[in-house]
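Novice: Got a structure for you, written out below as structure tokens; questions coming shortly.
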Amino acid sequence: MEKIKIIECPRDAWQGLEKIIPAEAKADYLGKLIAAGFQHLDAISFVAPKHVPQMADSETVMARLHDAGLVRGHSNGKSSGEAQHLQSESEKNAPEMIGVVVDEEGLARTLKMPGVSTLGYPYSISANFRRQNANLSLGESRALVEKIQRAAEKSNKDLVVSISMAFGNPFDEPWAPEVVMDAIGWLKELGVTAVSLADTAGAANAKAVGELVAALQDVAHGIELGVHLHSRHEEAEEKIVAAYEAGCRRFDSALTGLGDCPFAADNSVGNIPTETVVSTLAARGVQTGIDPANLEGVVAATKELRHKYLP
């Protein structure tokens, strides 16, 4: 059975919520995801609290997971040989924890945080969105990506770059597959090995998703190419199938579809539900790495968060 990678995205799901989820509740929820078998978590971001208050406690959340021995880097080096061996095995089985950064200050915070194994950066091909989101020019954004890549290599961490507005934008800016190809070609030359195509505006239909993913296969050879799609729930399955059939083997998603799309005119457009990704691909004989039997508990936990913290 062919394997694909599912990246669960609680960070993306939470950051737009008005009510602040306490750090202990976030850590408890992430622990439940890990226990359910999720091995790739877009868990936290290190951004200015005034811009994203929900992520102000990322250090505290990671410290709780670290103290519980659920993430990498929790060995203090003072244990017995047998204990160190067990810790080493635990490290191998620890999940990938992605920490998103958008500036140099966030990068510095992330590098100090044990447990973060992968750095994430949202690289926008839309000038308007780049200015709104990070107040950077194209040159400044590229210089920051280069610095993050060097820091990741030096600290033995991975880097995943999300290409924002990869399927078009709501600003009437010119867009073409060649713009995305250029970005991926540059990232490949830089040494980035994982790229996620983000439908930030939630406007792409299944045909557009399949066509872009297929068009990028040659230029993205050697890169783990994924998608981070926004969709109405009833259209999610066809988009997943379109991406998969075009060659995508990496899917970002969020349980219950939590997390809306701020650029979508339709407020029912949000993250693609993880349970839909799992069921859609499993029906095609694809191994997702997530046991459907384990989903019930974490779906219930996600619904509980919705009930408590959605306005």
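The values are calculated or read from the model by the stated rules, or taken from the named source; none is laboratory data. This is a predicted model, so every value here is computed, not measured. Please note: Cβ atoms are built from the backbone with ideal geometry, for glycine as well, and neighbour counts cover all protein chains shown.
Novice: Between a residue in segment 209-224 that is of a type in the set (S, T, N, Q) and any residue that is surrounded by fewer than 16 Cβ atoms within 10 Å (Cβ to Cβ), which pairs come within a Cβ distance under 9 Å, given they are 6 or more apart or on different chains?
Specialist: Taking only residues 6 or more apart or on different chains, the pairs are 217/247.
Novice: Going residue by residue through segment 78-86, is there one that turns out to be at pLDDT below 95, more than 21 Å from residue 148 (Cα to Cα), part of a helix (DSSP H, G or I) and of a type in the set (Lys, Arg)?
Specialist: No, segment 78-86 contains no residue that is at pLDDT below 95, more than 21 Å from residue 148 (Cα to Cα), part of a helix (DSSP H, G or I) and of a type in the set (Lys, Arg).
Novice: Given the residues 61, 100, which is the only one that is under 15 Å from the mean Cα position of the chain (by Cα), at pLDDT 95 or above, surrounded by 17 or more Cβ atoms within 10 Å (Cβ to Cβ) and not charged (D, E, K, R)?
Specialist: 100 is the lone residue from the list that is under 15 Å from the mean Cα position of the chain (by Cα), at pLDDT 95 or above, surrounded by 17 or more Cβ atoms within 10 Å (Cβ to Cβ) and not charged (D, E, K, R).
Novice: Working only within segment 252-289, note down all residues that are in contact with a Cys (Cβ under 6 Å, 6 or more places away or on another chain) and among the acidic types (Asp, Glu).
Specialist: Result: 252, single match.
Novice: Is one or more of the residues making up segment 145-159 without any contact (Cβ under 8 Å) to a residue 40 or more places away in the chain, on the phi < 0 side of the Ramachandran plot and crowded, with 21+ Cβ neighbours inside 10 Å?
Specialist: yes
Novice: A follow-up question, please. Looking only at segment 290-311, decide whether some residue is within 17 Å of the chain's Cα centre (by Cα) and surrounded by fewer than 21 Cβ atoms within 10 Å (Cβ to Cβ).
Specialist: Within segment 290-311, none of the residues are within 17 Å of the chain's Cα centre (by Cα) and surrounded by fewer than 21 Cβ atoms within 10 Å (Cβ to Cβ).
Novice: Among the listed residues 154, 147, identify the single one that is of a type in the set (D, E, K, R) and under 15 Å from residue 121 (Cα atoms).
Specialist: 147
Novice: Here's a follow-up. Considering every residue within segment 152-159, establish whether at least one is in contact with a Phe, Trp or Tyr (Cβ under 9 Å, 6 or more places away or on another chain) and hydroxyl-bearing (Ser, Thr, Tyr).
Specialist: There is no residue in segment 152-159 that is in contact with a Phe, Trp or Tyr (Cβ under 9 Å, 6 or more places away or on another chain) and hydroxyl-bearing (Ser, Thr, Tyr).
Novice: Then there's this: Out of segment 224-253, which residues are over 16 Å from the mean Cα position of the chain (by Cα), farther than 28 Å from residue 300 by Cα and either among the acidic types (Asp, Glu) or not in a helix (DSSP H, G or I) (or both)?
Specialist: Within segment 224-253, 245, 246, 247 qualify.
Novice: Which of the residues that make up segment 160-214 are acidic (Asp, Glu) and out of contact with any Phe, Trp or Tyr (no Cβ under 7 Å at 6 or more places or on another chain)?
Specialist: 172, 173, 178, 182, 189, 211
Novice: Quick check on my filter: what residues within segment 124-179 are among the aromatic types (Phe, Trp, Tyr) and touching a helix residue (DSSP H, G or I) at 6+ places or on another chain (Cβ under 7 Å)?
Specialist: If the condition is that a residue be among the aromatic types (Phe, Trp, Tyr) and touching a helix residue (DSSP H, G or I) at 6+ places or on another chain (Cβ under 7 Å), then 167, 171 are the ones that fit.
Novice: Can you pull out the residues in segment 38-58 that are surrounded by fewer than 23 Cβ atoms within 10 Å (Cβ to Cβ) and either without any contact (Cβ under 8 Å) to a residue 40 or more places away in the chain or assigned to a helix (DSSP H, G or I) (or both)?
Specialist: 49, 50, 51, 52, 53, 54, 55, 56, 57
Novice: Scan segment 254-308 residue by residue and report those that are part of a helix (DSSP H, G or I) and among the β-branched types (Val, Ile, Thr).
Specialist: Selection gives 256, 274, 276, 277, 278, 280, 298, 299, 302.
Novice: In segment 222-234, what residues are within 13 Å of residue 249 (Cα to Cα) and not small (Gly, Ala, Ser)?
Specialist: Correct list: 223, 224, 225, 227, 228.
Novice: Of everything in segment 199-239 that's of a type in the set (S, T, N, Q) and under 15 Å from residue 180 (Cα atoms), which residue is surrounded by the fewest Cβ atoms within 10 Å (Cβ to Cβ)?
Specialist: Applying the filter and picking the extreme gives 217.
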